[in-house]
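The values are calculated or read from the model by the stated rules, or taken from the named source; none is laboratory data. Just so it is clear, the structure is predicted and the values come from calculations on it, not from any experiment. Here the Cβ is made from the backbone with ideal geometry for all residues, glycine too, and neighbour counts use every protein chain on show. Surface areas here come from the heavy atoms of the whole protein model, side chains and all, with no ligands, DNA or RNA. Shrake-Rupley method; radii C 1.70, N 1.55, O 1.52, S 1.80 Å.
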Amino acid sequence: MTSRRSAVFLLALAAFTAFEWIMLAKNLGSGPRRATAFYVIHYILAAANVVFAVILARIGWGAWKKAS
């Protein structure tokens, strides 16, 4: 059984991960010009990590509901 403390950790980790990768994707164009492959792989990584954050949030939310 997951505790509320673990659920809060998962929810916080999900929020941090989503924020970090969304900001990275938003700021990719502000630096020096790079090859197209650089942008493609970083946008793929950002999308995958946002999906990972959503999965973590769902697990955390389920754990929060079960712990109450």
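Table for the structure above
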{"quantity": "Segment 1-41 - residue that is assigned to a loop (DSSP other than H, G, I, E, B) and in contact (Cβ under 8 Å) with a residue 60 or more places away in the chain and, of those, most open to solvent (accessible area, probe 1.4 Å)", "calculated": "M1"}
{"quantity": "Residue in segment 49-57 that is exposed (fewer than 12 other Cβ atoms within 10 Å of the Cβ), at negative phi and in contact with a Phe, Trp or Tyr (Cβ under 9 Å, 6 or more places away or on another chain) present", "calculated": "no"}
